[in-house]
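Engineer: Take this structure first; my questions come after.
The values are calculated or read from the model by the stated rules, or taken from the named source; none is laboratory data. It should be emphasised that the depicted structure is a prediction, and the values quoted were computed from it without experimental measurement. Virtual Cβ from ideal backbone geometry, glycine too; neighbours counted across all protein chains shown. Accessible surface areas use protein heavy atoms only, side chains included; no ligands, DNA or RNA. Shrake-Rupley method; radii C 1.70, N 1.55, O 1.52, S 1.80 Å.
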Amino acid sequence: MYQTGAKNMLSSAVLAGLAGAATAILSSGGIMYTIVYYASQVITAAPPVLYAPVMFTMHLIINTFIVSGGGQAAATMPIMAPIAKLCNLPMQSAVLCFNLGDGLGNYVLPYSNQLISYIEAGHISYGKWMRFLGKLFVIWVVLAWVLTAVSVFVWR
């Protein structure tokens, strides 16, 4: 029982460590500034009211590659925090974008540990889960876009 929990936590810890090492390498090599600059250019290509929804969408996409919340935070927040400052977004909105991108993505990713354990415990196939959740997920994403856009005005 304890071995299974430790095994699940070990992968998150290794991922967080690798993300920290990658951040240190990118910072010391000056590459981080280039990534921040060009990512902010992608965000600022949209109208200002859409800066936060675009950042949320970026986190949702990143979540498909880094499922671990801690690992994703360690890998993306050193990049997304300066982007938020460059785009004049409140830090609370940037964190909300991260939380919604990470949280909502875990409901649909077939390799998410939480999702697979839940649908396995409920004896539900992934296809049946997606038929149930597909339309609801689209509604959640649209609501997340609205909430992140509104959050910018609330926290200014």
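Engineer: Quick one: what pairs do we get from the range 131-146, first residue aliphatic (A, V, I, L, M), second open to solvent by less than 70 Å² (accessible area, probe 1.4 Å), C-beta under 7 Å, 6+ apart or different chains?
Structural biologist: 133/108; 141/104; 144/56; 144/100; 144/104
Engineer: Please go through the range 139-156 and pick out each residue that is open to solvent by 90 Å² or more (accessible area, probe 1.4 Å) and within 17 Å of the chain's Cα centre (by Cα).
Structural biologist: The answer is 143, 145, 147.
Per-residue answers, yes or no, for (1) open to solvent by less than 40 Å² (accessible area, probe 1.4 Å); (2) β-branched (Val, Ile, Thr); (3) touching a Leu at 6+ places or on another chain (Cβ under 7 Å); (4) within 23 Å of residue 13 (Cα to Cα):
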{"position": "43", "(1), (2), (3), (4)": "yes, yes, no, no"}
{"position": "73", "(1), (2), (3), (4)": "yes, no, no, yes"}
{"position": "87", "(1), (2), (3), (4)": "yes, no, no, no"}
{"position": "99", "(1), (2), (3), (4)": "no, no, no, yes"}
{"position": "106", "(1), (2), (3), (4)": "yes, no, yes, yes"}
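Engineer: Since residue 66 meets every condition but one in (1) open to solvent by 20 Å² or more (accessible area, probe 1.4 Å); (2) outside any loop (DSSP other than H, G, I, E, B), which condition does it not meet?
Structural biologist: Failed condition: (2).
Engineer: Related question: So which residues in the range 119-136 are open to solvent by 60 Å² or more (accessible area, probe 1.4 Å) and among the β-branched types (Val, Ile, Thr), if there are any at all?
Structural biologist: 124
Engineer: What tally of residues in the range 138-156 results from selecting those that are of a type outside the set (A, V, I, L, M), within 18 Å of residue 98 (Cβ to Cβ) and assigned to a helix (DSSP H, G or I)?
Structural biologist: 4
Engineer: If a residue must be assigned to a loop (DSSP other than H, G, I, E, B) and either of a type in the set (Asp, Glu) or out of contact with any Phe, Trp or Tyr (no Cβ under 7 Å at 6 or more places or on another chain) (or both), how many such residues does the range 77-130 contain?
Structural biologist: Result for the range 77-130: 9.
Engineer: Report the residue count in the range 45-63 for those that are of a type outside the set (A, V, I, L, M) and open to solvent by less than 20 Å² (accessible area, probe 1.4 Å).
Structural biologist: Residues in the range 45-63 being of a type outside the set (A, V, I, L, M) and open to solvent by less than 20 Å² (accessible area, probe 1.4 Å): 4 in total.
Engineer: Test residue 19 against the stated conditions and say whether it is within 25 Å of residue 149 (Cα to Cα) and either crowded, with 18+ Cβ neighbours inside 10 Å or modelled with pLDDT under 90 (or both).
Structural biologist: No.
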